[in-house]
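Every read-out reported here was derived from the displayed coordinates using simple, explicitly stated rules and does not represent laboratory data. This is a predicted model, so every value here is computed, not measured. Ideal geometry is used to build each Cβ from the backbone, glycine not excepted, and the neighbour counts take in all protein chains shown.
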Amino acid sequence: MAAARGEFSSRFGFLMAAAGSAVGLGNIWGFPTNAASNGGAAFLFLYLFLAFTLAYPALMAELIIGRHTRSNAVGALRQLAPNPKLAKLGSVVGFAGIATVTLILSFYSIVSGWMLAWLLNSLATIVGWDAASAWLTNDGESRNAIFSVVFMLLTVIVISAGVRDGIEKWASRLMPALIFILVLLIIYVMTLEGAMDGLRAYLVPDFSVALQPGLIISALGQAFFSLSLGVGTMLIYGSYLSSRENLPVIGGLVAMLDTGIAFLAGLLILPSMYVALANGVEIFDASGALVAGPGLIIAVLPALFDTMGSAGVFVAFAFFVLMTIASLTSSISMLEVPVAYVVETFDTQRRKATYFLGIGIALICLLIVYNFATMFDLVVSVTTEYSQPLLGLFFTIFVGWIWKRNGVLQELQKGYAGAEHSFFWKIWPFYIRFVCPIAIAAVYIQLVFF
């Protein structure tokens, strides 16, 4: 099965694909403002601590399941189940993960379409196409529908090419480009008036705010779900890993890449917001909180670029290239989850399955676009706030309580001789059995009842 499914040809290719899956639009626009509004560096330190003490163990669970079973999310959880009842539960969790990631990709494609439109707007501005520029920046249904479909087509093209020629090839090109553009933009923004104020908001700790109980739960949620956990993306990528790879090392590198790029995003976004403030752009909403989410990307930062004169057009172009890359590296991992299931379950050609599913998801995108006011926030909330945390809980239960401990150790030993004597093995089983389920349950309870 492994040969038919494909396999990453190098550790670098896997790391770029996994980091690309984790580093998305939400990481770039959400984490920095969340940190600045909640204790600055105090929140940052708390986030980093929780990312490696809780999110990393859960990431390892998905990678180990994936490589051991060499299967999609549904098939993988069924393989781990020791009896028919638990196998049925595994199927339910796997299907729920596929449904969740499909809906996430549906609204994600709409937002990513906005990034594409603003990227083309930068080009239209450079060549003086004012009418095209006005249409590209107008939040209309036709524009949103067209660019959602265009973005889905880009995702489909990458996934249809397979693991090595599609996912690995493009992730290995796009992620280094993302980091390069991110660093260049940070260097430029740091030279502008107001940047140091943003840097202080980001890096100066306020422990009185960051130690509030509700905020600790918030940081836990940010840390746990920033690694694309709970919907099967890392499980699928783990299933394409060679048995020669040392999984604890691989998982640690993915976690470091994800948190490192999130930290770099903060070095760009927060100084940029305070540069905008120094240029008369409003960066706070009606409640006094920093503007975050799509409003930051399509309102605050474009207004900042407009104040930069001729240089602003080129800065805007670089920024929206960055955002488009971040969008695409995440979307390809999402689409791979249902594609892997269809290909393996129905023995279907990858290209046919990818285009079939791509069309279906594009239709869901259009349904949301033309019913935006009622559907968009609802789909976002149901998938990312309720479904994803619950699914993450079930993944840890399968590894910690259902899969036999010896089976887990044997999988680790394939690429890690002496794993049974390692510090990782001394603490990870306890974490995945007790600490992670309790932590995820705490996040879920807070979301549902508070």
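What to note about this one:
- In terms of distances greater than 21 angstrom between alpha carbons, the cross-link table entries K88/K352; K85/K404; K88/K404 yield K88/K352.
- Signed unit charges on C-beta, dipole axis of the chain, positive-most listed residue S122, L105, A134: L105
- In this Cβ point-charge picture (+1 for Lys and Arg, -1 for Asp and Glu), the chain has a dipole of about 1720 debye about its Cα centre.
- Under-5 Å amide H pairs with F284, H placed in peptide plane, nonlocal only: V291
- Between 0 and 90 degrees, the angle of helix 56-69 with respect to the longest Cα principal axis of the chain falls at about 50 degrees.
- Counted charge near L227, where neighbours are those whose Cβ lies closer than 15 Å (Asp, Glu -1; Lys, Arg +1): -2
- Along segment 201-207 the Karplus relation, 6.51 cos²θ - 1.76 cosθ + 1.60 evaluated at θ = phi - 60°, assigns HN-Hα couplings of 4, 8, 10, 8, x, 10, 5 Hz to successive residues, with x for each Gly and Pro.
- In terms of packing, defined here as the mean over residues of other Cβ atoms within 10 angstrom, the peptides 81-89, 343-351 line up highest first as 343-351, 81-89.
- Environment charge at S160 (Cβ cut-off 12 Å; Lys +1, Arg +1, Asp -1, Glu -1): +1
- Net charge over other residues, Cβ less than 12 angstrom from the Cβ of T396 (K, R count +1; D, E count -1): 0
- Secondary-structure-derived ellipticity at 222 nm for the chain, considering helices only, amounts to -24000 deg cm²/dmol, per-run term -39500 (n - 2.57) for DSSP H runs with n ≥ 4.
- Shown for segment 1-137 is the translational diffusion coefficient from the Stokes-Einstein equation, using the Kirkwood radius over Cα pairs, a temperature of 25 °C and a viscosity of 0.890 mPa s: 130 µm²/s.
- Label point at N83 placed 7 Å out along Cα→Cβ; residues across segment 393-407 whose backbone nitrogen lies under 20 Å: 394-395, 397-407
- Residue ranges 187-197, 169-179 sort as 169-179, 187-197 when ordered by packing (mean number of other C-beta atoms within 10 Å per residue, highest first).
- Percentage relative contact order, segment 2-449, counting C-alpha pairs under 8 Å, at least six apart: 34
- Acute angle (nearest 10 degrees) that the helix 11-22 long axis makes with the longest principal axis of the chain, alpha-carbon atoms: 60
- Ranked list, fewest to most other Cβ atoms within 10 Å of each Cβ, for R143, R405: R405, R143
- Peptides ranked, highest mean first, by Cβ atoms within 10 Å: ranges 295-302, 95-102: 95-102, 295-302
- The chain: angle of helix 41-50 to the longest principal axis, Cα-based, in degrees nearest 10: 20
- Charge dipole (the chain, unit charges on Cβ, about Cα centre) - positive-most of A87, F31, I364: A87
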